[in-house]
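Encoded as structure tokens, the structure appears first; notes follow it.
Rule-based calculations on the coordinates, nothing more; no lab input. Note that the coordinates shown come from a computational prediction; the quantities given were computed from them, not determined experimentally. Please note: Cβ atoms are built from the backbone with ideal geometry, for glycine as well, and neighbour counts cover all protein chains shown.
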Amino acid sequence: MPIMLQELVSSLSSRIVGRARRALPQRFAKQDGSDDEQTANELAILSLSTSGWYNMRRKELAPGFRITHTDSVVDVGCGPGNASVFAAKQGAAVVSLDVDAAAIERLEQQMSQLPVRSFQAFASHCNPIPLAADHATVVLAMEVLEHVDDPGVFLGELVRIGKPGARYLISVPDPTSEAVQGVIAPPTYWKKPNHIRVFQRDEFHAAVHSAGLMVEQQFYYGFYSSMWWSLRWAVREDGIPFGHSGHSALLRDWNRTWKHLLSSPHGQQIWKALENALPKSQAIIARKPVVHGNA
């Protein structure tokens, strides 16, 4: 029997669920009446929320990465726009860019339903990024670098559009998770427009530093997503978007297992160990230096 959303909410702590619900992007709203789909999508956000992401109370998109109404945010490679929506809800001015024109159109429709201060969206390959220099106080590029032909050039563009002192949140898949995908993922996973390179942790740090940014923190997260993608390849069903189970009992069972783990007495301890052992992603928080004569 499908797991009802009410069951999920009652089984998890009210603190985690409340925080995740406030951060839950509109795109995760139930579309087809399927309670399993709703459960799977909310679990994906709950997992990030447990890690400190999408914290509306603290205004933190990621742990220690605050966005406020004074910020001008550029979300490069925004995808479905989860981070863009979060930033807009903090009152920030937001510019979203992605190569997928359909994704941009959907995000524009979603943003039209929110009381945003300022929002622009562009379908672009971002080579170069179609914005003037020194535009943003916050630059986001999450799960993008592994797709681009020249990471150095792309990082240079990110640096160019940031104001002096701008803060950066950049993420790529973690090599531990990608090593698993290297064994089980289909060949298309490693071909454009998908992943065309893997960043080792020290290599990722060096690339961001070499671009001229000061690295302040590097961290790892996303065990739930790492396992979901690993199990996804066992399902012979095309077109299943992330977080959904489609017609797969395997993916539904994984979501049930994850729900029960988080609600178990030692679930948080086990979750933290798994996050460290097999994270889906690695992220860097960095800052653009303030040169003499600039504030």
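If you plug the beta carbon distance of TRP190 and SER210 into 1/(1 + (r/R0)^6) with R0 = 22 Å, you get a FRET efficiency near 0.35. Take each peptide in 106-115, 133-142, 48-57, 62-71, count the other Cβ atoms within 10 Å of every residue, and average; sorted highest first, the result is 133-142, 48-57, 62-71, 106-115.
Which residues among the stretch 181-210 fall inside the zone where the amide N is under 13 Å from a point 7 Å beyond the Cα of ASN127, along Cα→Cβ? What the label zone holds, given the 13 Å backbone N cut-off, is 192-194, 196-197. May I ask you to derive the FRET efficiency for ASN276 and ARG197 from their Cβ-Cβ distance with R0 = 25 Å, giving the value to the nearest 0.05? Efficiency at R0 = 25 Å is approximately 0.60. If you take the Cα centroid of the stretch 132-160 and the Cα centroid of the stretch 103-127, the two points sit 18 Å apart. Using the Karplus relation 6.51 cos²θ - 1.76 cosθ + 1.60 with θ = phi - 60°, the per-residue 3J(HN,Hα) values for the stretch 121-136 come to 9, 9, 7, 7, 6, 6, 9, x, 6, x, 9, 6, 5, 6, 8, 10 Hz, with x marking Gly and Pro. In this calculation the C-beta distance from GLN120 to THR70 is compared with R0 = 22 Å, giving a FRET efficiency of 0.80.
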